[in-house]
Amino acid sequence: MARCRICHRPMSNPDHIAAGMGPVCAAKAARQADDRTAVYPRDRYDRILRGLEKLAGMLAQANAYDVWARAEGTATERAEAAWLKSLISHWYARAQRMEQHARRLLHRAA
Ligand SMILES: [Zn+2]
């Protein structure tokens with residue numbers, strides 16, 4: 001039985017057997033090869049991406065809070081919601097610019 005030369009799991013797909021490894025190991029190897037030629041560190045890009053996702057979640061929450069505060073909140077709650085929304089929007093826009101910049105560097109290297 002043919003086995004993946006990386007993880008040694010058995011393989012049955014003829015394409016994978018011809019490649020010498022399974023699809024998961026092939027993807028990992030391709031990514032590692034890409035990392036070696038990348039000018040921009042992939043782990044830093046992944047961190048930016050995770051931060052961006054987190055901020056998107058926070059922004060959605062701030063928007064929901066703002067909608068609620070405008071409809072039912074006190075003046076203090078409305079002010080707090082507006083402030084939170086503008087603060088998180090600012091950081092989200094900054095993170096988006098960082099991600100775009102990092103992505104361009106990644107793709108230039110690839
Ligand atoms: Zn494998």
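Given the condition loosely packed, with under 11 Cβ neighbours inside 10 Å and polar (S, T, N, Q), answer yes or no: does some residue in segment 61-78 qualify? Looking through segment 61-78, at least one residue is loosely packed, with under 11 Cβ neighbours inside 10 Å and polar (S, T, N, Q). Those helices (runs of 4 or more DSSP H) of segment 5-85 in which at least 2 residues are within 16 Å of the ligand (Cβ to nearest atom) and either under 18 Å from Leu105 (Cβ atoms) or of a type in the set (A, V, I, L, M) (or both), considering only elements entirely within it, cover 14-19, 23-37.
Would you say Leu49 is under 30 Å from Cys4 (Cβ atoms), under 18 Å from the mean Cα position of the chain (by Cα), among the aliphatic types (A, V, I, L, M) and surrounded by 15 or more Cβ atoms within 10 Å (Cβ to Cβ)? Before the answer, list the steps.
Values: under 30 Å from Cys4 (Cβ atoms): yes; under 18 Å from the mean Cα position of the chain (by Cα): yes; among the aliphatic types (A, V, I, L, M): yes; surrounded by 15 or more Cβ atoms within 10 Å (Cβ to Cβ): yes.
Here the answer is yes, as Leu49 does meet what is asked.
When you check Met58 against the structure, is it surrounded by 11 or more Cβ atoms within 10 Å (Cβ to Cβ) and free of Cβ contacts under 8 Å to residues at least 24 places away in the same chain, yes or no? Taking the combined requirement at face value, the residue does not satisfy it.
Here, each number is a calculation from the coordinates, and none is a lab measurement. A quick note: this is a predicted structure, and the numbers were derived from the prediction, not measured. Note that we place each Cβ from the backbone using ideal geometry, even for glycine, and neighbour counts take in every protein chain shown.
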